[in-house]
Every structure is written in structure tokens, then in C-alpha cells.
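What follows is one structure encoded as C-alpha cells, with my remarks underneath.
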Amino acid sequence: MALHKGAGDDRRLSISPFVGTADPLGAMELAPPLHRLADGPVPAETAYQLIHDELMLDGNAKLNLATFVTTSMEVQATRLMTECLDKNMIDKDEYPQTAELERRCVAILADLWHAPAPDDAVGCSTTGSSEACMLAGLALKRRWMHRNAERYAAGARPNLVMGVNVQVCWEKFCTFWEVEARTVPMEGERFHLDAEQAVAQCDEDTIGVVGVLGSTFDGSYEPIAEICAALDDLHRRTGLDIPVHVDGASGAMVAPFLDPELVWDFRLPRVASINTSGHKYGLVYPGVGWVLWRDRDALPEELVFRVNYLGGEMPTFALNFSRPGAQVVAQYYTFLRLGRDGFRAVQGASREVATYLSDAIGKLDGFRLLTRGDELPVFAVTTADDVPFDVFDVSRRLRERGWQVPAYTFPANREDLSVLRVVCRNGFSRDLADLLLADLDRLLPELRRQPVPLKDLGVPARSGFHH
Ligand SMILES: Cc1ncc(COP(=O)(O)O)c(C=O)c1O
């Protein structure tokens, strides 16, 4: 948030006389303020050029190995999105066909994630996984409140069990909706939630357990089936019947194609809801996400609002009202365009690049792999103990060539461990991976000549990781 720069900051944009559309002297009189609305307009071409030039300082999206979010789509998809830029997703009555495409996407995901009765599964599009997780969390909380009405009225406080590696949206959920976040810390080489730790945290006020497929920190899949089996056992032993939400922000669009034998979805009766980011491995530009519940019982009716649709009623459950329709259309495009085989090929190519690159980095002297990119096409690597540089130095030096590879410190109880994380996505080819390796190879001798990691000399260890 740029709240610190206000109307008191009187800096202005300066416009070269040669940027104006017609009169080269005309533009010289313009100096629109940066932080206040100017008194008058600027010609459209001038406004475009000023902003376009400034945006060149942003990183190159193709070299962005920090993000999970799609940075390249086909021109046909882009054309469809441009055609739909003016469509508001909530206007189901005005744009019934966009609403129909949204429903088809929900049906496709219900089938992909093995909903027991796909017609009975309910779901919707969202702006991304964060909103999807809020909605899923709210449904869990509301179901717990129904089951525990008296205890809730008497002051019992609900809790949600998850690994400390969850994405920040779950901390937000707990803070915004007053749920205690019961996070299981990392321990040794265990970097995500396991069944034993999950069950150990559960009690009668647990609204649910969040399992992540896969972890934002290192790309590993959490053992969803084992967590469910342990909760089944808890149910048998104690009567506590605790539902599971699968945060499949990335993995719910990877595992169905690359790991069909892995049972993590609605095939497990304990899985009440699943979310994914359409804009991650769903291969759509930001922002679209999805959340589905296995059946109507999993989504309390009072959370669903009715909007007018073709003169009838359309149920909606969302935090936003207005939302762009173009991304939903683009999601349907990727489903139609790729089919199962196409998705398998695209995600398989990303995983191949990830394992190839992790293998090669693992062989370089000075690095130690934590994950290999063989679950999500994402891996984490740290530096060896005996080198005079750290992951922050590597990240900083790679940035000089345009590569954005974030470095960050793990959470409790592994704050001692700092890693580089590489996210391989559609568009990051093996050729680009080779160029990255070549740059790393060139850099290493220089890094080895450092006396110590730069943070030991007082240079701040900047993290580019916003998980
Ligand atoms: C596991 C997980 N959950 C949720 C999110 C939040 O997703 P979004 O950016 O779509 O809101 C992310 C983003 O990286 C994630 O990795």
C-alpha cells in the first residue's frame, strides 16, 4: 500500500516535448502530479506512453520463477479475454452465456476431482484461491457452529488445524473470522503437515483440518489420504468427526493429470471441499479461482445468496459482488482447448523441466536440494554449510541477469533454514532452464570468492517471496 505518499508529495511526471500526439510544444506545459488528480486531462497517447515506459521497470514475467501464477496464454485466449473485458461475472442475467461457462467449469472440476454425485456438487468461481479458501473456511466454521450451537453460545472458540507451511490466506481467514489457527510447526526434515501431528491438534472445537496439495514453501504434497485415515480413526475412537478441506491451489490442477493414482480428492469421504487457483496450474491469467463442496450438505444453505438470473434465481456464494468475467471465459477456453491429454502434456512438461533443473542444481557444488519438483513442478534448494555465500546472495546475483528466484527463510521450527524456490510453469522451457544453469555456473566462482555471506556484512537479506 502506498499510503505514505499522499497529496503532500508534490512530485510530478515530466513529459518530453516529443511524446505529445501533435504539437511538440503542447506537452511541455503538462506536468501532472503523481499523487493528486491533475486539473486537466492528458492526451490518451501521452498517458499510455508515460505509464508504459514506467512499467518497463517491472520484472520480465517469463523470467519470474517466483510466482505460481500464469504468465503466458495463447493469443486466442487473450483475444477472448479482450472481448469479455466489459463483462461483470455477477450480471448473470445480462451475460447468461458467461454464467453458463462458469457452470460448465464447476461441472468439469467436480468430475475431475471425483465428486461422488457430480450433479450434487456445488461450487463457484472466485478471484483466486484466497477467496476460495475464505469461503471453504466459512462453510467449515458454520457447520461446526450448527453442531455445537450450545457450546458456541457458551463461548467455545473454534479452531482450524493446519501445517505452519500453509499459505498466508489461512492466517487471514483465522484472523478475519475469529478462528484459532492451530499450526503444526516444521520439525527436522518434515516441512509440512503429517497425519499424526494433525490429529494430535484436534479437539471438539476443531472446525476442520486443511491439507495442502502442494506446499507453497517447497512444492511437496501433504499426505491427504493419511490425514483422512487418521481422522477416520479419531472418529471411531472418540466420536469427533472432523472434515478436511484440501487447499489444491496448485496441485488440484496437477495431480489429476500427472498422479492419477494418488487419492487426495472427493474419493476420500472426509474431504468436504477443495479449492484451486485457475490462474496457477489452471493456466489462466490472474485472477480466477474455484471452490467446490462435495455435496449440498457440506455448504450450509444460509451462506448462499440468490441473485436474479434469467428472471429466475441463481445461487451465489462469494465475498465480492462485481468480478471480471473474462477470466472465467478463459478458464473454459483452457479446458476446451487442452482436454485431459493436453493438460497432462503441459503439466508433464513443467514437471520435466523442474526435475531436470533441480537435478542439475543438486549436482553443482555448493547446493543441497530439499525437494526435486517431482510433485508440484516446484523445488526448494539451500546452500551447503561450507560455502561463503547464502541463498540471498544467489538470488540477488541472479536478479542482475533478470532471473527472479526468491530466497526466504522457513517458518517455525526451521527458521535456521533459508532456501531458494523455483516454480516451473508453462512457458518456462528447458532452453530457458539451460540459460539459468549457465548463468548460475558463471556466478558461482564469483560467489565463492566472497569472504562471507553479504548479510554478515550488514547487507539486508531481502526476500522476494510473498507467500
Ligand atoms: C497453497 C496455496 N493456497 C492459497 C494460495 C493463494 O492463492 P491466490 O494467489 O490464488 O489467492 C496460494 C498461492 O500461492 C497457495 O500456494
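State whether one or more residues within region 80-93 are under 18 Å from TRP264 (Cα atoms), in contact with a helix residue (DSSP H, G or I) (Cβ under 7 Å, 6 or more places away or on another chain) and either more than 16 Å from the ligand (Cβ to nearest atom) or not assigned by TED's automatic domain parsing to the domain that holds ALA298 (or both). No, every residue in region 80-93 fails to be under 18 Å from TRP264 (Cα atoms), in contact with a helix residue (DSSP H, G or I) (Cβ under 7 Å, 6 or more places away or on another chain) and either more than 16 Å from the ligand (Cβ to nearest atom) or not assigned by TED's automatic domain parsing to the domain that holds ALA298 (or both). Assessment of region 11-19 against the conditions (within 30 Å of GLY427 (Cα to Cα), modelled with pLDDT under 90 and out of contact with any Phe, Trp or Tyr (no Cβ under 6 Å at 6 or more places or on another chain)) yields no matching residue.
Of all residue pairs spaced 6 or more apart or on separate chains, those with beta-carbon atoms under 9 Å, a first member in region 241-265 that is within 23 Å of ASN159 (Cβ to Cβ) and a second member that is basic (Lys, Arg) and away from the ligand (no atom under 15 Å from the Cβ) are ASP241/ARG147; ASP241/ARG270; ILE242/ARG270; PRO243/ARG143; PRO243/ARG270; VAL244/ARG270.
Out of all the residues in region 84-91, is one or more at pLDDT 95 or above and among the β-branched types (Val, Ile, Thr)? Looking through region 84-91, none of the residues is at pLDDT 95 or above and among the β-branched types (Val, Ile, Thr). Checked against (1) outside any helix (DSSP H, G or I); (2) within 30 Å of LEU338 (Cβ to Cβ); (3) among the small types (Gly, Ala, Ser), SER350 meets all criteria but (1).
Of the strands (runs of 3 or more DSSP E) lying entirely inside region 374-467, the ones with 2 or more residues being within 30 Å of ALA345 (Cα to Cα) and touching a residue at least 12 places away in the same chain (Cβ under 8 Å) are found at 378-383, 418-423. Among the conditions (1) within 16 Å of the ligand (Cβ to nearest atom); (2) of a type in the set (Val, Ile, Thr); (3) surrounded by fewer than 19 Cβ atoms within 10 Å (Cβ to Cβ), the only one that ILE108 does not satisfy is (1). Remark: ARG337 matches the filter, which requires a residue to be more than 24 Å from TRP264 (Cα to Cα), touching a residue at least 40 places away in the same chain (Cβ under 8 Å) and of a type outside the set (Gly, Ala, Ser). A search for C-beta distances below 6 Å between a residue of region 101-125 that is modelled with pLDDT under 95 and in a loop (DSSP other than H, G, I, E, B) and any residue that is of a type outside the set (Ser, Thr, Tyr) and surrounded by 20 or more Cβ atoms within 10 Å (Cβ to Cβ), counting only pairs 6+ apart in sequence or on different chains, returns ALA121/ALA110; ALA121/ALA115; ALA121/LEU292. Of the residues ARG267, ARG306, the single one that is touching an Asp or Glu at 6+ places or on another chain (Cβ under 6 Å) and either basic (Lys, Arg) or outside the structural domain of ALA181 (by TED's automatic domain parsing) (or both) is ARG306.
Between GLY211, GLY188, GLY239, GLY137, the distinction of being at pLDDT 95 or above and at positive phi belongs to GLY239 only. Run down GLU400, GLU415, GLU446 and say which single residue is away from the ligand (no atom under 16 Å from the Cβ), closer than 20 Å to VAL166 by Cα and either of a type in the set (Asp, Glu) or not assigned by TED's automatic domain parsing to the domain that holds LEU193 (or both). Exactly one residue qualifies, and that residue is GLU415. In region 147-173, the residue that is nearest to ASP194 (Cα to Cα) out of those that are within 16 Å of the ligand (Cβ to nearest atom) and not hydrophobic (A, V, I, L, M, F, W, C) is GLY163.
The one condition from (1) within 18 Å of ALA110 (Cα to Cα); (2) surrounded by 24 or more Cβ atoms within 10 Å (Cβ to Cβ); (3) touching a residue at least 60 places away in the same chain (Cβ under 8 Å) that PHE217 does not meet is (1).
The values are calculated or read from the model by the stated rules, or taken from the named source; none is laboratory data. Quick caveat, the model's predicted, so the values are computed rather than measured. FYI the Cβ positions are ideal-geometry reconstructions off the backbone, even for glycines, and counts take in every protein chain you see.
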